[in-house]
Amino acid sequence: MTMIRRTAILIALLCFFSPLPRAFALTEILNIRHWVAPDNTRIVIDTSDEADTMVHKTDQKITIDFKNSQALKTVPAEDVLNKPGIQKITVLPLPEKRTRVELWLSDYVEARVFKLKAFADKPYRVVIDIGLPEIEKKETEERKQIQRIKKDKVIVIDPGHGGDDPGAIGRKKTKEKVVVLKIAKKLEKILNSRKGYKAFLTRRGDYYPSFNKRLRIAREYGADLFLSIHADAWKGRSARGSSVYCLSTTSASSVAARLLASEQNLADIIGGAENDQGTEESDPITLHMVQTETMNLSRDLGATLLRRLRKVNPLKFHSVQYAPFRVLKLPEIPSVLVETAYISNPKEEALLRSPAFQTKIAETIAFSINDFIAKAEGKRTAALAMKGDPPGKTPSARTAPSREPPMETAFYKVKKGDTLGKIAKRHHSTIAVLLKLNRMKISDPLHSDRKLKVPVSGEEEGKEEREGREVKKGKERKKAPEVKSSAAPASAFSFYTVRKGDSLDKIARRHGTTMAILLKLNKMKLKDPLYSGRKLKVPERTEEDRESKTVAVKKRAAERPKTASYRVKRGDTLEKIAKKHNTTLAALLKANKMKLKDPLYVGRKLKIP
């Protein structure tokens, strides 16, 4: 009997001290927050657990009933917002442990209500997106109108994160989303002050546009370049430096790049985007058609940025890194992600908070864009000259494009297995020209038997004539005089072993040749992978090439500005010294490898350009 009584008491104690089952615990409404974008307002209701809700919508009101719940005392019973699409929010307790949240709407809106699970430091959330379709439609039309009439280079700048996604946070509570928006706005202002540029932002305030929306904005503007601005972070405080990343459709260039991409790709989940991956550009055939050329341009832009960034801040990586960033998946637009500095490093956090450093970073990116576009236009002019086109005026970043004579075209019927790349190559053209001639988008399907406009080149016009001259065997064939190339003949070549970080473009430049010659010499295609350790045939330089290079080096040495020396005196400043010697502050800093913040000691010897 005693044993039975003891067992009963033990069971009773266990039941008394055991926590209540989850079904009987109340879901708490912790907080109600909102974010305002130009074309929508987002309301976020934080809850302690996954909420059991009933939603009722009318034109004037959205009612959400939370079952088995209660609102914390810190949640106001009424919050008058008067924001786009919404007037106020009221919170009412109901019988049977229910809580009602009412959203009073204004104007014509489209509303979506969805739930998000707890993730990282974010609790369970009920999200209400109140869209303003008229404003969204108007903004889309304005962007497309800019694309239709564009004469300047369009640069789309993407300040990372925003809204419910703060990005990385420094020790002094500096938020990545805040500093990158400031840098982006400064960059936009600098570019718009220069002739030949039009710059636009993917967000102008503290709200979160999804990845797809950021990419859609770039496409609607018809962007020539897309730059996503970020600030890096790491667990340790010692990590520092700037870095630049490009898209990789396969693996990442390093563990750090892979981790960063994984982290950045979670932004939609943190920012609260609902199933926003469906419309992402993912068709491998579509990607392959233009991805190679775009990725090469992105790498060139990244390398140009690194060359200038190293003068402003130490570099984390001295070469462009690659990883599958979702925000860079624009097959037709050269795109890079710039990590300006480490917000987790106390010194670099202080720099990122500084308006002077923000301006310096923005100016550096603007100069890099200018360098890249000038170089790209130079290559285009050279390509036109190689084709035999009259040099004329080529559109540049600083001059509006001149009107070209109408292109002579013919029709081509698409065959099975054709791609735009193959058709462009067959007709000595480019994918961009074909898209423009046929008013197509890169995502449009290419059906068999479709008639495409193709440019008629002089090379095609003379094809029959050449064939007629070469019909008779044994007779001497008359050939058009060949343009002399600076590269050695195909028979004179040596071998080069590919190293890590090499690209065909780099190897071609190093050996004074072109990518086309390298591809032909090695029987390669542009899409073929370039493995480390692979041996490539490279044309040997002729004696004439070597002599001309020696002459060029000597000429550059002769033209190199000479310097004098000056010993710093008491009361001197860099500005005074520059003025005294008829030079500039920038030239003085460059000649002495100094930074503006470096101390100027009395007696120090300075080089004066």
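Note down all Cβ pairs under 7 Å where the first residue falls in region 294-314 and is more than 23 Å from Lys595 (Cβ to Cβ), the second is polar (S, T, N, Q) and not in a helix (DSSP H, G or I), and they're at least six residues apart or on different chains.
Pairs that qualify, where the first residue is more than 23 Å from Lys595 (Cβ to Cβ) and the partner is polar (S, T, N, Q) and not in a helix (DSSP H, G or I), are Ser298/Ser335; Arg299/Ser503.
Table: residues versus (1) at pLDDT 90 or above; (2) charged (D, E, K, R); (3) closer than 23 Å to Pro209 by Cβ.
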position	(1), (2), (3)
Ile62	yes, no, yes
Val80	yes, no, no
Lys97	yes, yes, no
Leu103	yes, no, yes
Asp107	no, yes, yes
Val126	yes, no, yes
Pro133	no, no, yes
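In region 321-348, what residues are among the aliphatic types (A, V, I, L, M) and at pLDDT below 90?
Scanning region 321-348 gives Ala323, Val327, Leu328, Leu330, Ile333.
Which count do you get for residues in region 50-72 that are in contact with a Phe, Trp or Tyr (Cβ under 6 Å, 6 or more places away or on another chain) and surrounded by fewer than 20 Cβ atoms within 10 Å (Cβ to Cβ)?
Here the count works out to 3.
Do you know which residues across region 208-228 are within 13 Å of the chain's Cα centre (by Cα) and not in a helix (DSSP H, G or I)?
Ala223, Asp224, Leu225, Phe226, Leu227, Ser228
If you take the residues of region 136-162 that are at pLDDT 90 or above and in contact with a Pro (Cβ under 8 Å, 6 or more places away or on another chain), which of them is farthest from Arg203 (Cα to Cα)?
For region 136-162, the residue satisfying everything is Glu139.
Could you check Glu78 against (1) in contact (Cβ under 8 Å) with a residue 40 or more places away in the chain; (2) touching a Ser or Thr at 6+ places or on another chain (Cβ under 6 Å) and say which number it fails?
If we test Glu78 against (1) in contact (Cβ under 8 Å) with a residue 40 or more places away in the chain; (2) touching a Ser or Thr at 6+ places or on another chain (Cβ under 6 Å), just (1) comes out false.
Keeping to region 317-330, report how many residues are buried (at least 19 other Cβ atoms within 10 Å of the Cβ) and closer than 20 Å to Ala239 by Cβ.
Qualifying residue count for the region: 5.
Checking the conditions here, which among Pro76, Pro21 is modelled with pLDDT under 90 and over 19 Å from Ala111 (Cβ atoms)?
Exactly one residue qualifies, and that residue is Pro21.
Please work out which residue is surrounded by the fewest Cβ atoms within 10 Å (Cβ to Cβ), limiting yourself to region 422-439 and to residues that are outside any helix (DSSP H, G or I) and modelled with pLDDT of 80 or more.
Selected residue: Arg439.
If you go through region 81-103 one residue at a time, do you hit one that is under 27 Å from the mean Cα position of the chain (by Cα), in the same structural domain as Phe66 (by TED's automatic domain parsing), among the basic types (Lys, Arg) and over 30 Å from Tyr197 (Cβ atoms)?
No - not one qualifying residue is present in region 81-103.
For region 471-491, indicate whether the set of residues that are closer than 26 Å to Asn296 by Cα and at pLDDT 75 or above is non-empty.
no
Please indicate, with yes or no, whether at least one residue in region 196-207 is assigned to a helix (DSSP H, G or I) and in contact (Cβ under 8 Å) with a residue 40 or more places away in the chain.
No: region 196-207 contains no residue that is assigned to a helix (DSSP H, G or I) and in contact (Cβ under 8 Å) with a residue 40 or more places away in the chain.
If a residue must be in a helix (DSSP H, G or I) and closer than 26 Å to Arg240 by Cβ, how many such residues does region 352-382 contain?
The number of residues fulfilling the criteria is 19.
Considering only residues that are modelled with pLDDT of 85 or more and either in contact with a Pro (Cβ under 9 Å, 6 or more places away or on another chain) or farther than 23 Å from Ala356 by Cβ (or both), which ones fall in region 576-604?
Within region 576-604, just Ala591 meets the criteria.
The values are calculated or read from the model by the stated rules, or taken from the named source; none is laboratory data. On a predicted model such as this, the values are computed, not experimentally measured, just so you know. Reconstructed Cβ throughout: ideal geometry from the backbone, glycine too, with neighbour counts over all protein chains shown.
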